[in-house]
Amino acid sequence: MFRKGDKVVVIGVGRSGLATAEVLRSRGIRVTAYDDKPLQLLSGQTRDALARLR
């Protein structure tokens, strides 16, 4: 499994992708999230969640 400090890429920032990224981040794993939509086209809720991952 993953250990604190590992790096993970999450593809897609829909509900599942964001939930996965938030759980991994809370466990000390470094997360990079990608989506095919430009940031401007993502919902405000999604942009807020992505900001919390920084």
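Every number here is computed from the coordinates shown, using simple stated rules; none is lab data. All values derive from a computational prediction rather than experimental measurement. So basically every Cβ, Gly included, is an ideal-geometry build from the backbone, and we count neighbours across all protein chains shown.
Structure values in brief
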read-out	value
Breaking point among (1) assigned to a loop (DSSP other than H, G, I, E, B); (2) of a type outside the set (Ser, Thr, Tyr); (3) more than 9 Å from the chain's Cα centre (by Cα); (4) surrounded by 13 or more Cβ atoms within 10 Å (Cβ to Cβ), for residue 13	(3)
Identity of the residue in segment 23-54, closer than 18 Å to residue 6 by Cα and surrounded by fewer than 16 Cβ atoms within 10 Å (Cβ to Cβ), that ends up nearest to the chain's Cα centre (by Cα)	32
